[in-house]
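Data block below; observations after.
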Amino acid sequence: MNLANARIFLGVCGGIAAYKVAALTSTLVQRGATIDVVMTAEAERFVTPLTFSSLTAREVYTSLWDAPERIPHIRLIRDADVALVAPATANVIAKLANGIADDLLTSALLAARIPIVIAPAMNDAMYEHPATQANLATLRARGCELVDPERGFLAEREIGIGRLAAEERILETLERVLARRRSLSGKRVAITAGPTREPFDPVRFISNASTGATGIALAREAMLRGADVTLMLGPTLLEAPAGVRVVPISSAQELYDAAMTWTTGVDLTIATAAVADWRPEAYADEKVPKQGEELATRLVRTPDVLAALGQRDNAGFLVGFAAETEDHEAHARAKLRAKRLDAIAVNDVRDGRGFGTGENTLVLLWGENGRRELGTGEKSALAASLLDAVEELMRCS
Ligand code: CTP
């Protein structure tokens, strides 16, 4: 999909850069995009709805209450391929980060199951404030694409960071997001994620430091590309994305049982779960009291979920993850062969890297010597590069 056949939901907020977004709208119209503009009340102080309705030749929406139907926000966002918020003010960014929906724009964006591109523009002190930066980090972690503002002449007649990004940068981002849009439409994707817990008694268990962030980012990205996604998710404090089917699991055995059901006949399975390899052999029904100086317990192996899927051979294109601390690629290639995978993403977890952090470094390996570096970055950005690479391999296989 490209700009010429895209339907864009454009949210305009109250900042002086709103006039630049009028020019951007004209460019988008000339490129063939269909644009539904929603303006906040503050935006109307800078430019008028007439500006945008003249440019788009379509109705412009400003209130939850002035459209002929009762819930215009749901229809508008559902029909679009991408949402662009420009200029995004500190206030609207804060509302989005916190789920506040007190006008048409923020209500529509809260209901969005499409990619959201945010182009902030504001005073430099407001942009640099830790609250704004924390809100932007929250949105980025949830998979929003940010087009960072630039340094330059601000409305306060000073030089600083906060100017709306140049039109070409916003267009490039929209094109990149649209190129992936619907690329997995009609496909079924299953993802395992998070740690497992292997209980010892009702309050104690063996587990690991995985947060499930990688699998959650992949599930969101696959959903945004149009896939029907099932996320088998171990215990985590992170929120699962809206719009994906979440199957909560706790132990390796529960993950195994869920995977046998939910991967059957899918097009793509990605195993990111950090499955505990061992579980206490005995489970005490009551909390084990503290007695003596030592306690011995035998550990036994848990099922290898991914290897079982490789054997079964009906979980679609099968991608594993390898968390390694040494000799990464050789170990990962051995897992690729042993578990009969189509590809494996190698992840360096030395010195606490990878687990529980927002960032990661990934290399994708396949076949005899297929190899692609996916780079280092935010897990949400890496999820997009990983799916790009996997989709390419799926097309060739
Ligand atoms: N995996 C799994 N079930 C297990 C163990 C691992 O499904 N019981 C999957 C993981 O989700 C991952 C891949 O297998 O996609 C490799 O996991 P990793 O922990 O790196 O490898 P192990 O097979 O556990 O080998 P080792 O711990 O010896 O490195």
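The values are calculated or read from the model by the stated rules, or taken from the named source; none is laboratory data. Remember, it's a predicted structure, so these values are computed and weren't measured experimentally. With ideal geometry, Cβ positions are generated from the backbone for all residues, glycine too; neighbour counts draw on all protein chains shown. Calculation scope for accessible area: heavy atoms of the full protein, side chains included, ligands and nucleic acids excluded. Shrake-Rupley method; radii C 1.70, N 1.55, O 1.52, S 1.80 Å.
Being in contact with a helix residue (DSSP H, G or I) (Cβ under 9 Å, 6 or more places away or on another chain), part of a loop (DSSP other than H, G, I, E, B), open to solvent by 20 Å² or more (accessible area, probe 1.4 Å) and of a type in the set (Gly, Ala, Ser) is true for just one of Ala282, Ala296, Ala240, Ala307. Which residue is that?
The unique qualifying residue is Ala240.
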**Request:** Scan (1) over 15 Å from the mean Cα position of the chain (by Cα); (2) over 30 Å from Asp257 (Cα atoms) for the single condition Pro202 breaks and write down its number.
**Result:** (2)
**Fill in**
Within region 324-346, residues hydrophobic (A, V, I, L, M, F, W, C), open to solvent by 50 Å² or more (accessible area, probe 1.4 Å) and near the ligand (Cβ under 9 Å from one of its atoms) come out as Ala338
**Asked** Has region 283-295 got at least one residue that is within 28 Å of Leu386 (Cα to Cα) and either of a type in the set (Asp, Glu) or touching a residue at least 24 places away in the same chain (Cβ under 8 Å) (or both)?
**Response** no
**Asked** Would you pick out the residues in region 272-314 that are near the ligand (Cβ under 9 Å from one of its atoms) and closer than 25 Å to Leu393 by Cα?
**Response** Thr272, Ala273, Ala274, Asp304, Val305, Leu306, Ala307, Ala308, Leu309
**Request:** For Phe317, work out the one condition from (1) within 8 Å of the ligand (Cβ to nearest atom); (2) touching a Leu at 6+ places or on another chain (Cβ under 6 Å) it doesn't fulfil.
**Result:** (1)
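Here's the yes/no breakdown for (1) under 14 Å from Leu218 (Cα atoms); (2) assigned to a loop (DSSP other than H, G, I, E, B); (3) outside the structural domain of Pro195 (by TED's automatic domain parsing):
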residue	(1), (2), (3)
Arg340	no, yes, no
Ala345	yes, no, no
Asn360	yes, no, no
Leu364	no, no, no
Gly375	no, no, no
Leu382	yes, no, no
